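The values are calculated or read from the model by the stated rules, or taken from the named source; none is laboratory data. None of these values were measured; they are calculated from a predicted model. Cβ placement follows ideal geometry from the backbone for every residue including glycine, while neighbour counts extend to all protein chains displayed. The accessibility values were calculated without ligands, DNA or RNA, using every heavy atom of the protein model including side chains. Shrake-Rupley method; radii C 1.70, N 1.55, O 1.52, S 1.80 Å.
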Amino acid sequence: MSHYQYPDYFKIDDLLTQEQLLVRQSVRDWVIRNVKPVIETAAQDHISPNFLIREMGELGVLGSFLPVEYGGGGFDKITYGIMMQELEAGDSAIRSTASVQSSLVMLPLFLFGTEEQKQRFLPKLGKGELVGAFGLTEPNFGSDPGGMTANLKDKGDYFVLNGSKMWITNAPICDLAVVWAKDEVGKIRGIIVERGMKGFSTPETFNKWSLRASATGELVFDNVHVPKENLLPGVVGLKGPMTCLNSARYGIAWGAIGAASDCYSTALNYALERKQFDKPIAGFQLTQKKLAEMLTQITAAQLMALRLGQLADNEKATPAQISMLKRHNVQTALNVAREARQILGAMGITGDFPIMRHMMNLESVTTYEGTHDIHLLISGYDITGISAFKP
Ligand code: TGC
Ligand code: FAD
């Protein structure tokens, strides 16, 4: 399929291992076979193709960087990034599910959970037999999650959980949610809330123009009794959820390259075939400017992602570097999608091509996991040592 000839202008493939290239091919093939044929209709109909989750489990993209004995694949961080890149070339919704399950549900259980919690949940999450969600954002606390009001009251052998979370990926279909809430002394704790617990509901959020093939919703806790053994004992404070976000943001930065590459390749093919004024539109300087700038930006995004992957695999990637990469690569993908859509003219707004869907999805991707501006402020803080978030 011609639109899968993705750009590799700087021969970055030469820097990847045989195993990484093989994994890329197998995820790419799966996306072509199983995602591409259904995703446009799913997005148009605002339906999340949940049957793909178990297939992703079989494919090995859920929790891929965790040890095999805990339901993972034992892969390195570059391989994780490559997987996210290929999934997002299909659709950001598919990558979202894999990101949340891997980095925001399996990772906190692995890092902060008890052995019993790990044995109980991780293997099934890794196979896609259970679906997880991550509840940090609240109606009144998005960029500033430290202000959250969801709260836990200690009742001896259980906690009572009250509050609500909003904009939660996979909330309507989750079997369990890793929820962040404040204890009685105001410390942020992670706790596993399971479907079926009395007072726990997950209403879906409709009317989205973005990530329409992803189930987004709320997590509502109305005096939910959560057993003490569901508390994640291994972390206290905002650094718990933020540690998981470092991993998810890193994966998103790779994912954005997939969406951008799909848009670029589609636009290049179209420009070579479409004729106006008796010649292919690829022959006009203004089209070439768009294509050249897209390819330059994608190449920069690829190189940044690979280098940060190397640092991550050596435990040297800093949160601020991850913020810079997430912000840069998602902005790159948005720029590429917007330019690519222009090259297709009117055809660019249709579902016959993937560009408009990617473009709309990327509007969420630039907002979730820290907005474009929040990541800029994280860079600013890292450069100057002065926080510009708050007074
Ligand atoms: P601040 O005072 O700076 O830090 C509080 C504590 O948190 C620690 N911390 C981190 N730890 C590890 N990694 C990071 N990246 C960390 N950032 C902060 C920090 O060291 C401190 O620890 P301690 O032990 O000293 O207490 O926090 P602040 O209140 O000023 O807030 C700033 C911050 C970092 C929260 C803000 O910059 C930010 O990142 N806001 C964005 C919130 C966000 O990203 N939400 C994402 C929700 S989940 C989601 O969107 C999933 S979408 C998934 C999908 O569908 O793909
Ligand atoms: P706000 O924080 O209200 O920000 C609004 C605007 O103000 C932004 O432009 C922001 O950059 C700006 N702003 C805020 N503070 C500052 C400041 N100090 N300086 C300058 N500008 C500032 N959350 C989860 O917990 N789990 C999920 O699974 C999840 N999935 C999501 C899925 C989708 C489709 C979407 C859209 C969101 C999801 N989120 C999830 C929520 C997401 O993380 C938040 O939307 C995001 O953190 C921003 O919060 P907000 O929308 O409340 O915006």
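Report yes if Ser214 is within 12 Å of ligand 1 (Cβ to nearest atom), of a type outside the set (D, E, K, R) and in a loop (DSSP other than H, G, I, E, B), otherwise no.
yes
This table checks each residue for (1) farther than 18 Å from Arg249 by Cβ; (2) touching a Cys at 6+ places or on another chain (Cβ under 9 Å); (3) in contact (Cβ under 8 Å) with a residue 24 or more places away in the chain.
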position: Pro108; (1), (2), (3): no, yes, yes
position: Leu111; (1), (2), (3): no, yes, yes
position: Thr114; (1), (2), (3): yes, no, yes
position: Gln117; (1), (2), (3): yes, no, yes
position: Arg120; (1), (2), (3): yes, no, no
position: Gly126; (1), (2), (3): yes, no, yes
position: Ala133; (1), (2), (3): no, yes, yes
position: Ser143; (1), (2), (3): no, no, yes
position: Gly146; (1), (2), (3): no, no, yes
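Criterion first (open to solvent by 10 Å² or more (accessible area, probe 1.4 Å), β-branched (Val, Ile, Thr) and outside the structural domain of Leu136 (by TED's automatic domain parsing)) does Ile252 satisfy it?
no
Within region 68-76, is there a residue that is within 19 Å of Ser92 (Cβ to Cβ), outside the structural domain of Gly251 (by TED's automatic domain parsing) and surrounded by fewer than 16 Cβ atoms within 10 Å (Cβ to Cβ)?
no
What tally of residues in region 317-333 results from selecting those that are charged (D, E, K, R) and either at positive phi or open to solvent by 50 Å² or more (accessible area, probe 1.4 Å) (or both)?
So the answer is 1.
On the given criteria, is Gly258 touching an Asp or Glu at 6+ places or on another chain (Cβ under 7 Å), within 29 Å of Glu86 (Cβ to Cβ) and among the small types (Gly, Ala, Ser)?
yes
Out of the residues in region 269-295 that are among the charged types (D, E, K, R) and more than 31 Å from the chain's Cα centre (by Cα), which is surrounded by the fewest Cβ atoms within 10 Å (Cβ to Cβ)?
Residue satisfying both the conditions and the ranking: Asp278.
Going residue by residue through region 359-366, is there one that turns out to be exposed (fewer than 15 other Cβ atoms within 10 Å of the Cβ) and either near ligand 2 (Cβ under 8 Å from one of its atoms) or not in a loop (DSSP other than H, G, I, E, B) (or both)?
Checking region 359-366: not a single residue is exposed (fewer than 15 other Cβ atoms within 10 Å of the Cβ) and either near ligand 2 (Cβ under 8 Å from one of its atoms) or not in a loop (DSSP other than H, G, I, E, B) (or both).
Give region 375-391 a look and list any residue that's part of a helix (DSSP H, G or I), surrounded by 11 or more Cβ atoms within 10 Å (Cβ to Cβ) and out of contact with any Gly (no Cβ under 8 Å at 6 or more places or on another chain), or say none.
Within region 375-391, His375, Leu376, Leu377, Ser379, Gly380, Tyr381, Asp382 meet the criteria.
If Gly385 satisfies every condition in (1) touching a helix residue (DSSP H, G or I) at 6+ places or on another chain (Cβ under 9 Å); (2) more than 10 Å from ligand 1 (Cβ to nearest atom); (3) under 30 Å from Thr243 (Cα atoms) but one, which is the exception?
(1)
Give me the pairs, please: first residue somewhere in region 17-37 and open to solvent by less than 90 Å² (accessible area, probe 1.4 Å), second residue anywhere and aromatic (Phe, Trp, Tyr) and assigned to a helix (DSSP H, G or I), beta-carbon distance under 7 Å, and either six or more positions apart or on two chains.
Pairs found: Arg28/Tyr4; Ile32/Tyr4.
Taking into account only those residues within region 139-161 that are near ligand 1 (Cβ under 10 Å from one of its atoms) and touching a Ser or Thr at 6+ places or on another chain (Cβ under 7 Å), which is farthest from Thr371 (Cα to Cα)?
Step by step, filter region 139-161, then rank; the result is Pro145.
If you scan region 174-186, which residues turn out to be open to solvent by 10 Å² or more (accessible area, probe 1.4 Å) and either β-branched (Val, Ile, Thr) or under 27 Å from the mean Cα position of the chain (by Cα) (or both)?
Asp175, Lys182, Val185
Can you tell me which of Asn223, Asn246 is outside the structural domain of Thr366 (by TED's automatic domain parsing), closer than 21 Å to Thr137 by Cα and modelled with pLDDT of 95 or more?
Asn223
Among the residues of region 99-113, which ones are more than 14 Å from ligand 2 (Cβ to nearest atom), open to solvent by 10 Å² or more (accessible area, probe 1.4 Å) and assigned to a helix (DSSP H, G or I)?
Hits for region 99-113 are Phe110, Leu111, Phe112.
For Asp91, indicate whether it is surrounded by fewer than 24 Cβ atoms within 10 Å (Cβ to Cβ), in contact (Cβ under 8 Å) with a residue 24 or more places away in the chain and acidic (Asp, Glu).
no
Can you name the condition, by its number, that Leu62 falls short on among (1) away from ligand 1 (no atom under 15 Å from the Cβ); (2) closer than 15 Å to Glu129 by Cβ?
Condition (1) is where Leu62 drops out.
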